[in-house]
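I have placed the structure first, in the form of C-alpha cells, so that the comments after it can refer back to it.
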Amino acid sequence: MKKSKILVVIFTILLICCLSFVLVACGGNSDNGSNNNGGGNNNNGGTDNNGNAENGGNNPPSTHTHTWSETYSSDAINHWFACSGCDKKNNVQNHTFEQKSNEIGIFQECSTCKFVIDIVEYTKSLKYALNSDNTSYSVIGIENKDITKIVIPNTYQISP
C-alpha cells in the first residue's frame, strides 16, 4: 500500500510538471500580427493586402476596424497606406523610381508616391553663351574654380 501511494505522488508530480511545461510554452506566443507588412498568410491575426482580417484561428478576432490613410507613407524602400488607429500597413509596395529634373537639379522620384532620392544640384556659377543658332546655349566657363563635380542642367533660360 505504501508503494502505491508513493507511485501516485510521483505520477502526480510528473503530470503537474508536464502540464506546466505545456502551459508555459503556449503562453509565450504574444505575436498578434504587429510585424505584418500588410500581406502574406501569416495566420496570426494580421491583415491581407486589402486590410481584411487574417485570423487563422490562433487569436480571437480583433474589434479594431482599420481606417487607411488616403496618402502614402514611405521609407527608402517601400510605400504603403497606414492605418490611423494602429501600426498596420496596407498595400506595401517597392518604390518605382524615374529620373526627373527641375530648376534645382536632377533626382530620382517614385512614380507612385513621389518619394525622392539621389538629389544632385546643378553646379552654380556656370557661365553660358548663346550659340550661333540662337536657340541653344553652351557652357563657356565657371566662376568657382574649386568645384570638382560639375552638373550641367538640360536647359538654360528655357533653351537647351
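The values are calculated or read from the model by the stated rules, or taken from the named source; none is laboratory data. These numbers come from a predicted model, not from an experiment. Cβ atoms come from the backbone with ideal geometry, glycine included; neighbour counts cover every protein chain shown. All accessible areas refer to the heavy atoms of the entire protein, side chains included, with ligands and DNA or RNA removed. Shrake-Rupley method; radii C 1.70, N 1.55, O 1.52, S 1.80 Å.
Tabulated data
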| item | result |
| --- | --- |
| Close pairs from the stretch 88-100: first open to solvent by 80 Å² or more (accessible area, probe 1.4 Å), partner among the aliphatic types (A, V, I, L, M) and outside any strand (DSSP E or B), Cβ under 7 Å, at least 6 apart | ASN94/ILE77 |
| The stretch 101-113, subset over 12 Å from SER74 (Cβ atoms) and β-branched (Val, Ile, Thr), residue surrounded by the fewest Cβ atoms within 10 Å (Cβ to Cβ) | ILE104 |
| One residue from ASN50, ASN36 being modelled with pLDDT under 60, part of a loop (DSSP other than H, G, I, E, B) and open to solvent by 70 Å² or more (accessible area, probe 1.4 Å) | ASN50 |
| Tabulated pairs, the stretch 104-133, first in a strand (DSSP E or B), second among the acidic types (Asp, Glu) and at pLDDT below 90, C-beta under 7 angstrom, 6+ apart or interchain | GLY105/GLU121; PHE107/ASP118; GLN108/ASP118; LYS127/GLU143 |
